[in-house]
1. Give the Debye-formula value of log10 I(q)/I(0) at each listed q (0.09 Å⁻¹), with one equal scatterer per alpha carbon of the chain, two decimals each.
2. Give the peptides 327-335, 475-483 in descending order of average Cβ contacts within 10 Å, highest first.
3. Please list 304-314, 384-394 highest first by mean number of surrounding beta-carbon atoms within 10 Å per residue.
4. Farthest toward the dipole's positive end in segment 311-499, which of Leu485, His468, Leu361, given Cβ charges of +1 (Lys, Arg) and -1 (Asp, Glu) about the Cα centre?
5. Whole Å is fine, so just give me how far the alpha carbon centre of segment 207-233 lies from that of segment 126-171.
6. As I understand it, the value is the acute angle between the Cα axis of helix 187-200 and the longest principal axis of the Cα atoms of the chain; what does it come to in degrees, rounded to 10?
7. Please give the net charge around Lys223, taking every other residue with its beta carbon less than 11 angstrom from that of Lys223, where Lys and Arg add +1 and Asp and Glu add -1.
8. Filter Lys199/Lys288; Lys223/Lys288; Lys144/Lys223 down to the pairs with a C-alpha to C-alpha distance above 30 Å, please.
Amino acid sequence: MRDLKLRVVAAVLFALGLGLCIYKVNVFGLPLQPGQDEEVWTVQARIAFKGSGKPTKVQFAIPHQTPGFVTLDEDFISGNYGLATEDDRENRWANWAVRRANGPQTLYYRISIARDQNSNELTGSTPPFPQAPFYPEPYNSAIKAILDDVRLESADIATYTRELLTQLNADTPNENVELLRGRVNNDEAWVYEISEVLKGARIPNRILYGLELNESINNAQLKPWLQVHNGQRWLSFNPLTGQAGLPENFLVWRIGEGPLVWVDGSGAAEVVFSAARNYREIVDIARKRAERLGSSLVDASLFNLPLETQNVYRILLMVPLGALLVVILRNVVGIRTFGTFMPVLIAMAFRETQLVWGIILFSVMIAVGLSIRFYLDRLMLLLVPRLASVLIIVVIMMIMISILTHQFGGTRAMSVALFPMVIMAMTIERMSIVWEELGAGDALKEGAGSLFTAILGYLLMTNATLSHLFFVFPELLLCMLAITLLFGRYTGYRLTELWRFRAALKFEPPESKS
């Protein structure tokens, strides 16, 4: 019954930890490998106009919803202008104001974005059916004829819109389409014409403006895109080809008609867009994505702690991993060590001294300390004074090694002070007792086991991938706790015992004679 309860608790802990980890990976996009980068676009809008020496206000449309992208950073570079932002139902505006604007004026808006597969549609309320606009003749007859032809070859709003765009942009149009094309002289005006035709069919529609981020661009302008509402959601179409959907790297800048920028008190403004592609660590992007989703897991993230505290936890989170290693080596493999978690602390010291220097320094300090400990036995000291004496000797050895290595230009050995002094003193004391009671062989075996465990712990605790996983996904500690609980009920043979009794396992009893 107790085994069943333990397994249930372990299963719940493991499932909870692994489930949170999988959720963060799939929803937030947190990486399982360290140092992964993701493509980031920095888009800049340059607003230039000439001031007339009067009070000036500038209103400029900035991205509100960015389907397919997550906003990482946003900057306004405006000198001595005051700044405020406001939102309406579909758009967002930057409002600059200054008491006097003299001569050439330049304002900048900059946004950094990254791909976001969790958000690829524009949201909004269901629009009303538009009123059919008035078309003068002969355009009214031409539009009605076009709409009648399209209606016969479509089944719903999506297919209706696609068929209409196909006919209006055909390479060999009929006379009705040619008549409509003669009214416009550029692509933007043609998109407005298409929008008016759709209103004649009582189909709710709107025009998007955005940038297509294929390569680094300079002196770019916004491109119009068409959307229709099917009663449930907005459907996007290329107004010049009829292709459904937004392009993969299309940054929606604003929605609807009207000016992109409006200036009051000075001359007309010119807006020029530029964009550059770079890369940023994927962890930062995932954190921004989580903030956008409003997840409470962001508030519980270690990334919200001060940097000094983060650096401490990057080390502390690896200690449970070293402790699990000790559990496996002692309870399953059967390696003997001095103390339970002394090898973990020594492995942490190896992080600063590095492995080779750490092994040398550890061996030297144990050997010298053990020799002095045997000398103290002749003085017949009590237990506590003897331990205090060994501790003082350990500190003296640390000081001497650091001074000597500094004089010879060494740097790694100076980190010997990072070895836990009390643990070193207790190790020397424990080793000397084992030496006296069980002999030098057992003492050296436990010492070698402790050093071997510390080396494995160092290799495990300094692994970049594991360090990244436990810092980004600290819920994995629940999985480690579950595994440790299961090992706590292990009562089978240790591997060293199987090796020790290998001869008995091979022994075959003689057959009994009848």
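1. Cα-only, vacuum Debye calculation for the chain: -0.85.
2. Values: 327-335: 17.0, 475-483: 18.6.
Descending mean neighbour count gives 475-483, 327-335.
3. Working: 304-314: 11.0, 384-394: 16.5.
Result, highest mean first: 384-394, 304-314.
4. Ranked along the dipole, the leading option is His468.
5. 22 Å
6. Compared with the principal axis, the helix lies near 80 degrees.
7. Details: positive: none; negative: Asp187, Glu188, Glu212.
Every neighbour counted, the sum reads -3.
8. Details: Lys199/Lys288 39 Å; Lys223/Lys288 27 Å; Lys144/Lys223 28 Å.
Checking Cα-Cα distances, Lys199/Lys288 exceed 30 Å.
Every read-out reported here was derived from the displayed coordinates using simple, explicitly stated rules and does not represent laboratory data. Note that this is a predicted model, so its numbers are computed, not measured. Glycine also receives a Cβ, built like all others from the backbone with ideal geometry; neighbour counts cover every protein chain displayed.
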